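The values are calculated or read from the model by the stated rules, or taken from the named source; none is laboratory data. From a predicted model like this one, the values you see are computed outputs, not experimental measurements. Methodologically, a virtual Cβ is constructed for each residue, glycine included, from the backbone with ideal geometry; neighbour enumeration extends over all protein chains shown. Just so you know, the surface numbers come from the protein's heavy atoms only, side chains and all, with ligands and any DNA or RNA stripped out. Shrake-Rupley method; radii C 1.70, N 1.55, O 1.52, S 1.80 Å.
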2 protein chains.
Amino acid sequence: MKKQSYRPDIVSVATLAGVSAATVSRALNHPELVQPTTRKKVDQAIRKLGYIRNRAAQTIHGRRSATIGLVVPSVSDAIFAELVQAFNDTVSESGFTLLLASHRYDLDMEYALVRKLLEHRVDALAMIGLDHRPDTYRVLREQEVPVAAIWNYQPDSQISCIGIDNAEAGRRAAEHLLMLGHRRIATIFPETRDNDRARARRLAAMGSISATGVALREEWQLQTPYNIAQSKRSCIELLTRAERPTALLCGNDVIAQGAIYAALHLGLSVPRDISIIGIGDFDGSAELEPPLTTVRIPASRIGAAAARHLITVIDSDGQDQLVRTRFDCELIMRSTTTART
Amino acid sequence: MKKQSYRPDIVSVATLAGVSAATVSRALNHPELVQPTTRKKVDQAIRKLGYIRNRAAQTIHGRRSATIGLVVPSVSDAIFAELVQAFNDTVSESGFTLLLASHRYDLDMEYALVRKLLEHRVDALAMIGLDHRPDTYRVLREQEVPVAAIWNYQPDSQISCIGIDNAEAGRRAAEHLLMLGHRRIATIFPETRDNDRARARRLAAMGSISATGVALREEWQLQTPYNIAQSKRSCIELLTRAERPTALLCGNDVIAQGAIYAALHLGLSVPRDISIIGIGDFDGSAELEPPLTTVRIPASRIGAAAARHLITVIDSDGQDQLVRTRFDCELIMRSTTTART
DNA sequence: AATAGCCTTGCAAATGTTTTCATAAATCTG
DNA sequence: CAGATTTATGAAAACATTTGCAAGGCTATT
């Protein structure tokens, strides 16, 4: 009564078709090398047996694994959803399969996940940002697997990177508020340790503000995870204090969304009572009420570009030349910011 | 000048450690079978060479591939984000790696993706819903790979399923509106061909409404994809007509979110001018302003349960007994619905 | 002290493919 | 039509690992 199921292999196909295994392999991988009539026989045998070729076997032979790994902090946090989708679509179009892993902003776990993906012999690997453990960098170097950092552009990166200049994004957001005359500005960012994207944005934003001679009040620099509920809670707390800022600079659109809801919840009018700016321009940010003013990060384009880059490197037999691609981030003025009255 | 990089294999580790390859393999896979001192030597050699074992080779030997496939319509659509996250977390905790594929509601493409995952010899595979091509069902049966349908519960399913009764969800939503006295009810659902979740919800909702003797007006049964922007647009159109419904029953929370924004945009008060109910209770639905009344689908629990089920089947050596797990869906009353005045 | 049993390790076969090399058949060239 | 070239196919080695079997060394039992 044992599970006897015999999964047909290439030789059973070959036998049925009356040819050798080599011919079947060729019919599959280099169809132009085998005669049409033979090809037909092989196809029929494959169909008849329900043969599905074993990628592991070709991987082991030294051929491609036809997989690409992607390591992100989180899949569900909406920040990366669009990116993962675009990356996956591009990779999939070229016949690759995506190995996905998420580490919840824990870089030690990231190292473990990268190792796991390398065990599977991914043909290339992408990670978010450039903050990684030295061990992670080392193992990637040793294994000589094509690798790319997605989401930020850094002129001095050790590895290829495809993304935006996060400092610029932070600066853009800050300058917009300053330009509108705001001086009482609060910032809300997530924990910036191990998160170079948030860190760069925050530093640049605060730098811009200070540079104009505006004082940054300690108690207005909030910290909250990328999460609507928590952001809303923090903002409600902030906005019910005796002294209120006139503008909120949010680390990303999710936080900004929470901020809008907080204001609405308190009966404050956005942007009349409080201006709010986000960073990201996520799917849906344009439809919020009021529509969110934000700094656009072209997530889909970045994801697709990163995937294309890695595929190119794979196709050129792993000559992993360092490439740095910088996407522009653009201020999208909608309705959540207005001049200080 | 060729890429000479020699990735260390198990025999180079064995040589360095002064043992045989078999011992290295055992030290890795069955540490209790090898003496502590030998194990230590092996560990050192592994460390020294930076050896990373090749999963493809063990896959080929007939052992597990240590991968699980997940096929979803979309990663970015927020409907599945939470699910993918939970599924991935659970799978990852047990040492498996996730192979992800998305087909954008195209079931022919789904078939191709399933085949691709089978080529990689995933140890198990999960898909969304029970609407699949006959070919898909056939190939899964032939390959005898453990498989589960996530998201809906169906007592007569061909394969294991873990999810909710979507008809119940639709009914719950409809009954809530009816109970509040609404008679002028509009529904907004996505295309229901090839989407059994939406179809069951919609049919049950409309059934409940008709059963109470309430007429369903043709022109109030809208169709829109799961997308905030499109939903908002459709709802704006609906709500600016001469005759307006008093309640909107939305296929899921994303559509409902678009509906809320549409109402807000038109200066209508929710729920005073129009009641809105969603289905799903996605992340963030509780924080919307006003907080969304909806029928909760426990996405994280479903995803984790599905993953656990598949892992159990794998561990029990592929005895894929048919299991059907039904999660309850629960009406979450928040603030977007009120009694018809 | 001899035998039985266990623990640890090594040898070699097996896994499913791809690819190099060789060979046979077919086509071309003069 | 003979020799040269091209084309189609097969045989076998190689890839990195796991595991059944066997053997050697050790401990325990009588």
- Query: Where in segment B:93-179 are there strands (runs of 3 or more DSSP E), lying wholly inside it, with at least 1 residues that are within 26 Å of residue B:55 (Cα to Cα)?
  - Reply: B:97-102, B:124-128, B:147-152
- Message: Could you tell me how many of the residues in segment A:187-203 are among the acidic types (Asp, Glu) and buried (at least 21 other Cβ atoms within 10 Å of the Cβ)?
- Response: 0
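So which of A:97, A:37, A:90 is among the hydroxyl-bearing types (Ser, Thr, Tyr) and over 25 Å from residue A:161 (Cβ atoms)?
Just a single option satisfies the conditions, and that option is A:37.
How about segment A:260-289: which of its residues are surrounded by fewer than 20 Cβ atoms within 10 Å (Cβ to Cβ) and within 14 Å of chain B (Cβ to nearest Cβ)?
Hits for segment A:260-289 are A:264, A:265, A:266, A:267, A:268, A:269, A:286, A:289.
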- Kindly establish whether residue B:14 is touching a Ser or Thr at 6+ places or on another chain (Cβ under 6 Å) and either in contact (Cβ under 8 Å) with a residue 12 or more places away in the chain or more than 28 Å from residue B:116 (Cβ to Cβ) (or both). yes
- Message: I'd like to check something: does segment A:297-314 contain any residue that is touching a residue at least 40 places away in the same chain (Cβ under 8 Å), closer than 16 Å to residue A:86 by Cβ, within 14 Å of chain B (Cβ to nearest Cβ) and in a strand (DSSP E or B)?
- Response: no
- Has segment A:56-63 got at least one residue that is among the polar types (S, T, N, Q), away from DNA strand D (no atom under 16 Å from the Cβ) and within 25 Å of residue A:309 (Cα to Cα)? no
- Message: I'd like to check something: does segment B:4-17 contain any residue that is more than 18 Å from residue A:66 (Cα to Cα), modelled with pLDDT under 95 and within 8 Å of chain A (Cβ to nearest Cβ)?
- Response: yes
- Note on the structure: Restricted to segment A:24-40 and to residues being within 10 Å of DNA strand C (Cβ to nearest atom) and assigned to a helix (DSSP H, G or I), the residue farthest from the other protein chains (Cβ to nearest Cβ) is A:33
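Could you run through segment B:257-310 and say how many residues are among the charged types (D, E, K, R) and under 24 Å from the mean Cα position of the chain (by Cα)?
Of the residues in that region, 6 qualify.
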- Task: For segment B:257-268, indicate whether the set of residues that are at pLDDT below 95, of a type in the set (Ser, Thr, Tyr) and either assigned by TED's automatic domain parsing to the domain that holds residue B:129 or in a helix (DSSP H, G or I) (or both) is non-empty.
- Result: no
- Message: Checking the conditions here, which among B:249, B:292, B:322 is over 29 Å from residue A:236 (Cα atoms) and open to solvent by less than 10 Å² (accessible area, probe 1.4 Å)?
- Response: B:249
- Task: Would you mind stating whether residue A:293 is of a type in the set (Val, Ile, Thr), more than 13 Å from chain B (Cβ to nearest Cβ) and over 12 Å from residue A:337 (Cβ atoms)?
- Result: no
- Taking segment A:226-246, which residues are open to solvent by 20 Å² or more (accessible area, probe 1.4 Å) and either away from chain B (no Cβ under 12 Å) or polar (S, T, N, Q) (or both)? A:227, A:230, A:234, A:237, A:240, A:241, A:242, A:243, A:244, A:246
- Task: Could you tell me whether segment B:73-89 includes any residue that is over 24 Å from residue B:194 (Cβ atoms) and open to solvent by 30 Å² or more (accessible area, probe 1.4 Å)?
- Result: yes
- Message: Let me confirm something: among A:140, A:130, which residue is open to solvent by 20 Å² or more (accessible area, probe 1.4 Å), of a type in the set (A, V, I, L, M, F, W, C) and assigned by TED's automatic domain parsing to the domain that holds residue A:79?
- Response: A:130
- Given the conditions (1) within 14 Å of chain A (Cβ to nearest Cβ); (2) within 12 Å of DNA strand C (Cβ to nearest atom); (3) without any contact (Cβ under 8 Å) to a residue 60 or more places away in the chain; (4) crowded, with 20+ Cβ neighbours inside 10 Å, which single one is not true for residue B:60? (4)
- Item | Only one of A:107, A:178, A:113, A:117 that is over 22 Å from residue A:75 (Cα atoms) and open to solvent by less than 60 Å² (accessible area, probe 1.4 Å) | A:178
- Of all residues in segment B:11-57, how many are open to solvent by 60 Å² or more (accessible area, probe 1.4 Å) and of a type in the set (Val, Ile, Thr)? 3
- Give me the pairs: first residue in segment B:133-155 and within 11 Å of chain A (Cβ to nearest Cβ), second residue in a helix (DSSP H, G or I), beta-carbon distance under 6 Å, and six or more apart or on different chains, which are they? B:135/B:111; B:143/B:118
